[in-house]
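Let me begin by presenting the structure, written as structure tokens, before commenting on it.
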Amino acid sequence: MTDIKRLNWYEVAPEGAKTLLGVHHYVTKSTDLPEELIHLIFLRVSQINGCAHCIDMHTRDLLKTMSIDKVTLVPVWAEVPHLFPDRYRAALAWTEEVTNVSITHASDEAYAAAAAAFAPKDFVDLTITIAAMNAFNRLGAPFRLPVAAKP
């Protein structure tokens, strides 16, 4: 990493930030998805994309409702199926498929598993949740938003 000062994207483009925050507001306030699941999805997307700011923030959010043992193992959730309910595992699999869509092409297997675990509206809202976090990561990582974690 270099010491180059990066732009503060939401100060430079407040209308764009407001629009993106509107999607975030929809996901967190207007869907029937459980808050814990939303933060789990936010964290997993951010881990895949390597956004330090978002990983830091969403780990803290998730620790309010989920044990540290589970949060620590989110990157390897498929290896510890006993820790996550079926619905969460389907959501995590879909999250990885959608976040890595250029590689996975949103496989039929992951689609079928998520579609079986969620009502149609919830399935679309889950996908919007994934898309929103991917958008935030694509701003947070390149503009190097700071983390709250201290040495």
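The values are calculated or read from the model by the stated rules, or taken from the named source; none is laboratory data. Bear in mind the structure is a predicted one, so any value in this text is a computation, not a measurement. Virtual Cβ from ideal backbone geometry, glycine too; neighbours counted across all protein chains shown. All accessible areas refer to the heavy atoms of the entire protein, side chains included, with ligands and DNA or RNA removed. Shrake-Rupley method; radii C 1.70, N 1.55, O 1.52, S 1.80 Å.
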Report the residue count in region 102-121 for those that are within 20 Å of Ile38 (Cβ to Cβ), part of a helix (DSSP H, G or I) and open to solvent by less than 60 Å² (accessible area, probe 1.4 Å). 5
Residue check, Thr99 against (1) within 21 Å of Ile128 (Cβ to Cβ); (2) of a type in the set (Ser, Thr, Tyr); (3) surrounded by fewer than 17 Cβ atoms within 10 Å (Cβ to Cβ), all met but one. Which one? (3)
Would a scan of region 106-125 turn up a residue that is out of contact with any Asp or Glu (no Cβ under 8 Å at 6 or more places or on another chain) and within 30 Å of Lys5 (Cβ to Cβ)? no
Residue identified as in a helix (DSSP H, G or I), open to solvent by 70 Å² or more (accessible area, probe 1.4 Å) and at pLDDT 95 or above among Lys18, Lys70: Lys18
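Any residue at all in region 122-142 that is surrounded by fewer than 21 Cβ atoms within 10 Å (Cβ to Cβ), of a type in the set (Phe, Trp, Tyr) and assigned to a loop (DSSP other than H, G, I, E, B)?
So far as region 122-142 goes, no, none of its residues is surrounded by fewer than 21 Cβ atoms within 10 Å (Cβ to Cβ), of a type in the set (Phe, Trp, Tyr) and assigned to a loop (DSSP other than H, G, I, E, B).
Scan Arg60, Arg87 and give me the residue that is touching a helix residue (DSSP H, G or I) at 6+ places or on another chain (Cβ under 7 Å), surrounded by fewer than 18 Cβ atoms within 10 Å (Cβ to Cβ) and in contact (Cβ under 8 Å) with a residue 24 or more places away in the chain.
None of the others qualify; the one that does is Arg87.
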Between residues in region 91-111 that are under 21 Å from Lys121 (Cβ atoms) and residues that are in a helix (DSSP H, G or I) and open to solvent by 80 Å² or more (accessible area, probe 1.4 Å), which pairs lie under 8 Å by C-beta distance while being six or more apart or on different chains? Trp94/Tyr111; Glu97/Tyr111
Residue set Leu145, Leu83, Leu126; condition within 26 Å of Trp9 (Cα to Cα), at pLDDT 95 or above and of a type in the set (A, V, I, L, M, F, W, C); output residue Leu126
